[in-house]
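S.K.: Here it is, the structure in full.
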Ligand code: 3PG
């Protein structure tokens, strides 16, 4: 089992893949990998999300595939049975966390307040998603939260873009940023996978500079 936190800390960018068609999810993930990204989050927002996740996990070995928008324990079980290497949720749900724990898989639940973060801390989590990052206080909120929860790492998601990625990544408590800007629907609908590779490469370059 790879150390997912380490992979996230290296990749620093987690693209969302939302697809109705497993072949599209696979092509999108390959395009992201061609741009240099190594981790992908397949979101449970379509009827065929589980098939999409399974296809990416099986057919794109160069990518570590996780499941996103996981709302229930049953979805978490299904995602793990389909090859998810990590679980991401928009909010914090004890039952979802428990499923991931039972399987020894990392889970990144979304938090937006000190109370939710304290709950996550007391569940033994060391990394959470901060969602929706840009409208829930952005970087000032992240800095305020991390000044109190000093060991917590964050994955800001929601409103992250090439314009603010470097600023988010410069916050020491930020492990990686997630987002859908790397997989625009119009490019996918047009079959323009080169555009996705270009966006991924741009993000990789921003992340490299942010680290330096
Ligand atoms: C998520 O589920 O993480 C968010 O929908 C991502 O937000 P974004 O679309 O603004 O990147």
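The values are calculated or read from the model by the stated rules, or taken from the named source; none is laboratory data. Keep in mind that this is a model prediction, so the values were computed, not measured. Counting neighbours? That spans all protein chains shown, and the Cβs are built from the backbone with ideal geometry, glycine included.
S.K.: Of these, 156, 109, 132, which one is assigned to a loop (DSSP other than H, G, I, E, B) and buried (at least 16 other Cβ atoms within 10 Å of the Cβ)?
M.R.: None of the others qualify; the one that does is 132.
S.K.: Taking the options 178, 163, name whichever one is under 19 Å from residue 111 (Cβ atoms) and either at pLDDT 95 or above or in contact with a helix residue (DSSP H, G or I) (Cβ under 6 Å, 6 or more places away or on another chain) (or both).
M.R.: On inspection, the qualifying residue turns out to be 178.
S.K.: Taking the options 144, 120, name whichever one is surrounded by fewer than 16 Cβ atoms within 10 Å (Cβ to Cβ) and either within 12 Å of the ligand (Cβ to nearest atom) or assigned to a helix (DSSP H, G or I) (or both).
M.R.: 144
S.K.: Give the number of residues within the stretch 159-173 that are in a loop (DSSP other than H, G, I, E, B) and within 16 Å of the ligand (Cβ to nearest atom).
M.R.: So the answer is 6.
S.K.: Within the stretch 174-212, which residues are in a loop (DSSP other than H, G, I, E, B) and closer than 18 Å to residue 29 by Cβ?
M.R.: Result: 176, 180, 181, 182, 183, 184, 190, 191, 192.
S.K.: Then there's this: For the stretch 51-109, give me each residue that is within 16 Å of the ligand (Cβ to nearest atom), more than 14 Å from the chain's Cα centre (by Cα) and more than 21 Å from residue 34 (Cα to Cα).
M.R.: 71, 72, 75, 76, 79, 92, 93, 96, listed by residue number.
S.K.: Kindly list, by first and then second residue, each pair from a residue in the stretch 149-168 that is in contact (Cβ under 8 Å) with a residue 60 or more places away in the chain to a residue that is in a loop (DSSP other than H, G, I, E, B) and within 11 Å of the ligand (Cβ to nearest atom), limited to pairs with Cβ atoms under 7 Å and residues at least 6 apart or on different chains.
M.R.: From the stretch 149-168, the pairs are 157/131; 157/133.
S.K.: Just give me the residues in the stretch 147-158 being near the ligand (Cβ under 10 Å from one of its atoms) and in contact with a helix residue (DSSP H, G or I) (Cβ under 8 Å, 6 or more places away or on another chain), in sequence order.
M.R.: 155, 156
S.K.: Going by the structure shown, is residue 88 within 25 Å of residue 132 (Cβ to Cβ), modelled with pLDDT of 95 or more, touching a strand residue (DSSP E or B) at 6+ places or on another chain (Cβ under 7 Å) and assigned to a helix (DSSP H, G or I)?
M.R.: No: the conditions fail for residue 88.
S.K.: So, in the stretch 1-41, of the ones that are in a loop (DSSP other than H, G, I, E, B) and away from the ligand (no atom under 16 Å from the Cβ), which residue ends up surrounded by the most Cβ atoms within 10 Å (Cβ to Cβ)?
M.R.: The selected residue is 35.
S.K.: I've got another one for you. Please state which of the following conditions residue 196 fails to meet, knowing it meets all the rest: (1) out of contact with any strand residue (DSSP E or B) (no Cβ under 7 Å at 6 or more places or on another chain); (2) surrounded by fewer than 17 Cβ atoms within 10 Å (Cβ to Cβ).
M.R.: For residue 196, the exception is condition (2).
S.K.: When residues of the stretch 123-141 are filtered for being within 12 Å of the ligand (Cβ to nearest atom) and within 17 Å of the chain's Cα centre (by Cα), how many remain?
M.R.: Counting residues in the stretch 123-141 that are within 12 Å of the ligand (Cβ to nearest atom) and within 17 Å of the chain's Cα centre (by Cα) gives 6.
S.K.: Could we say that residue 176 is without any contact (Cβ under 8 Å) to a residue 60 or more places away in the chain, within 16 Å of the ligand (Cβ to nearest atom) and crowded, with 18+ Cβ neighbours inside 10 Å here?
M.R.: No: the conditions fail for residue 176.
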